[in-house]
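A short write-up of the structure that comes next.
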Amino acid sequence: MCGICGVFNPGRELPVAPVEVMVAALAHRGPDAHGVLPLDGAVLGHTRLSVIDLATGDQPLGLRGGRWWISFNGEIYNYRQLRSELEREGTVFHTASDTEVVLAAYARWGRGCLDRLRGMFAFLIWDSRERSLFAARDPFGEKPLFYALCGDNTLAAASEIKALSASGLLVPRLDLITLDAFLELGYVPPDRTVYRGVCSLPPGHCLEWSGGAEVRTGRYWSPRPDSRPLNLSEASERLRELLAQAVRRQLVADVPLGAFLSGGLDSSTLVALMQAERTQPVQTFAAGFGDLINELAFARQVAARYATAHSEIDLGAPPVAELLPRMCQVFDEPFADSSHLPTYMLAGFARQQVKVVLSGDGGDELFGGYSRYVLLARSERLKPSTLKWLVLRAASRLCGHRWRRLDTCSAALGLARRSTDLWERARLVESVFGPAERSALWGGRAKEVERWRPGAYYYPPESAVGLERAFHFDLTCYLPGDILVKVDRCSMAWGLETRAPFLDRDLAEFCLGLPWSLKVRDHETKVLLRRSFASVWPEAVRSRGKQGFGAPYGKWLSDPAVQALLHRACGKGSPLRELLPGVSPGALGRRDYRTWTLLNLGLWLESRAGTL
């Protein structure tokens, strides 16, 4: 796990200084080593978090002969099998790292190597003979990659936007379409960035560039349903095999390794499978919020059942007013998910003992774990008048809104009247501000702001039916735009690597091929996961409802120190009010998720004042 960066221009010799600055900006991602390598037409940079091959795995790294060079971030869990295959075909390796395997795989199979990799990754490969760049990002977007075409036919790329900004090669300017998307979602969509001219390589995509204004990107993987005629018993047996394989793969490390343990179904399953593979106790880590939101009791029961080396932290009343400005630097872009604070603090706590943790991310999206899926499934069978109420109820529950009169919830009612597509309904119940509310926030600027509309990247294939369409939106938008961004930035801020066995490609493709009726039924979520692993959970865990790793943002908004932040960041004359003249003082008095979203946006804009 590392930070990667590079500057590329096939037509001229490049200075090293901008890449040195980029490496320094990414030092938190790789505190163990760093490197800058000037090449013909490129300069590659790397910061290393040493996890595999501690002795010979430093980067940037090249193959003997000097044609291909790589800066790699991530872990390839099947690298030993790929190495053996490549050795049988004549490849000679000079390190024990997965990085060299990725580079040799590209040299042997070209773009086709991406279908053989099982892991999380983002990498830059420079071909010194052809003077061309090849880059790629893992299927679900666990690892980030940003790029920008700068002046004089130069392309810059990095793991985080802060490194691109630090290079001095571009001048950031706000993208208002993306900000409109943030107001709807509470996070930046994974195929966009908040800056014009700075691009995010979407999950499951690769990039090719050899100079000029055209950067060619293409999708090599997408979540596509491929129904298999399996019953619940057969699917359960296969799931147990594939998840055990995924966990076994992801235990490969040359450093101490542990797990986040919330006491929920996903993390409890992983801990059970991890302990089955190890002779020493698994190190587990949990966090709670005193009497407000506290899962520590559930986590303790799982830890006791599997005799893990358990550590927990009760965050009680964390210093929210101190942490929120810090989050603006950690995330680079506005981010409203309130669980970023506990995630950040838990990651720092775990890093005191381990370098790597496994987490349950992806389980809800693949197995139907969100309560909204039950509501959406029921909406397929309801008459329009009942559907109006159901959609409003879902929006109110999920967005933290107070109950509102039906005639004021225009976005929910309008979509309920018009839409017969669960993909659109999934968007509605996940939205923070509806279309009319966003227009009000933009105020007099509303006509000049083009509204965000999800592009083709987000649309499910025609073969997706029923809840598969809602799952698709979460897999392509919510998971990579919110959940995985949160985990990557919060953990890597401390130099902690997180791994997600549920996002193992073989496991995920199996799950995507199952009918949604094996995942959500009546009032039950995660049907298949419950049937497959109920025996490994303590009774209290087995019978508990879905909670999620949330945070008491309503309580936080009542704190005097946070109130002071709110009125400064969102008050008259603030950057937020300049951007959104329709923000009303009365809106700041609410203690809901919309106020929390505006606060986080206001603080982020304030942190960038004078640079945009």
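The values are calculated or read from the model by the stated rules, or taken from the named source; none is laboratory data. Keep in mind that what you see is a predicted model, and the values were worked out from it rather than measured. Quick reminder, even Gly has a Cβ in these numbers, built from the backbone with ideal geometry, and neighbours come from all protein chains shown. For the accessible areas, the whole protein counts, side chains as well, though only heavy atoms, and no ligand, DNA or RNA atoms are used. Shrake-Rupley method; radii C 1.70, N 1.55, O 1.52, S 1.80 Å.
General remarks:
- Using a probe of 1.4 Å, the accessible surface attributed to ARG278 totals some 90 Å² when neighbouring protein chains are kept in position.
- Solvent-accessible area per residue, Å², over the stretch 26-65 with all protein chains present [probe radius 1.4 Å]: 38 Å²
- Once the C-beta distance of ALA561 and ARG591 is scaled by a Förster radius of 22 Å, the resulting FRET efficiency is 0.90 to the nearest 0.05.
- Amide H contacts of GLY119 (H built 1.01 Å from N, in plane; Pro and chain starts excluded): TYR77, ARG505 sit under 5 Å, all sequence-distant by 5 or more or on other chains.
- The length gained by stretching the chain between ARG111 and GLN353 to full extension, at 0.36 nm per residue less their Cα-Cα distance, is 83.3 nm.
- Cα→Cβ-extended label distance, 7 Å offset, between HIS94 and SER535, nm: 5.1 nm
- Karplus-derived 3J(HN,Hα), 6.51/-1.76/1.60, for each residue of the stretch 451-462, Hz, glycine and proline x: 6, 6, 10, x, x, 4, 3, 8, 6, x, x, 4
- Cβ-based charge dipole, the stretch 51-205, positive-most Cα from SER167, CYS199, GLY90: GLY90
- In this structure, the amide hydrogen of SER311, modeled 1.01 Å from its nitrogen in the peptide plane, lies closer than 5 angstrom to those of THR284, PHE285, ALA286, counting only residues at least 5 positions away or on a different chain.
- 11 Å reach of a label modelled at ARG544, 7 Å along Cα-to-Cβ, counting backbone N of the stretch 296-323: 296-303
- The spacing between the stretch 27-72 and the stretch 566-612, judged by their C-alpha centroids, is 41 Å.
- Gain upon complete extension [ALA317, LEU54; 0.36 nm per residue less C-alpha separation]: 90.8 nm
- Taken as entire DSSP H runs, the helices of the chain that both span 24 Å or more between Cα atoms along their own long axis and average -1.0 or more on the Kyte-Doolittle scale are 232-249.
- In the assembled protein chains, ASP191 presents an accessible area of approximately 50 Å² (probe radius 1.4 Å).
- Only one of (i) 88, 65, 42; (ii) 70, 57, 47; (iii) 84, 61, 50 was calculated from the structure for Cα extents along the principal axes in Å, and its label is (ii).
- Estimated from helical segments only, the mean residue ellipticity of the chain at 222 nm is -11500 deg cm²/dmol, where each DSSP H run of four or more residues counts as -39500 (n - 2.57).
- For ARG445 and ASP254, a Förster radius of 51 Å and the Cβ-Cβ distance give a FRET efficiency of 0.45, rounded to the nearest 0.05.
- If R0 is 25 Å, the Cβ-Cβ spacing of ASP226 and GLU85 corresponds to a FRET efficiency of close to 0.45.
- Each residue was assigned an accessible area with a 1.4 Å probe, and for LEU376 the value is about 10 Å².
- Counting only protein heavy atoms and a 1.4 Å probe, the stretch 522-612 has 42 square angstrom of accessible area per residue.
- For ARG568 and GLU214, the difference between the fully extended length at 0.36 nm per residue and the C-alpha to C-alpha distance is 123.2 nm.
- Candidate residues ARG12, ARG489, ARG568: accessible-area rank, largest first, probe 1.4 Å: ARG568, ARG12, ARG489
- Environment charge at ALA456 (Cβ cut-off 10 Å; Lys +1, Arg +1, Asp -1, Glu -1): 0
- The chain - percent of accessible surface contributed by carbon and sulfur, probe 1.4 Å: 50 percent
- With the cut-off at under 18 Å, measuring from each backbone N in the stretch 354-378 to a point 7 Å along the Cα-to-Cβ line of ALA276 picks out 358-360, 363.
- Translational D in µm²/s for the stretch 1-142 (Stokes-Einstein at 4 °C, 1.567 mPa s, Kirkwood Rh from C-alpha pairs): 86 µm²/s
- Total charge dipole magnitude, the chain, about the Cα centre, Cβ charges on Lys, Arg, Asp, Glu only, Debye to nearest 20: 1740 debye
- Electrostatic bookkeeping for GLY35 treats Lys and Arg as +1 and Asp and Glu as -1; over the other residues with beta carbon under 14 Å from its beta carbon, the sum is -1.
- In order along the stretch 2-9, the Karplus-derived 3J(HN,Hα) couplings, from 6.51 cos²θ - 1.76 cosθ + 1.60 at θ = phi - 60°, round to 7, x, 10, 6, x, 10, 9, 7 Hz, and Gly and Pro are given as x.
- Protection proxy ranking, highest mean first, for peptides 529-538, 231-240: 529-538, 231-240, where packing is the per-residue count of other beta-carbon atoms within 10 Å, averaged.
- Local electrostatic count at ALA336 - Lys and Arg +1, Asp and Glu -1, tallied over other residues with Cβ under 13 Å: -4
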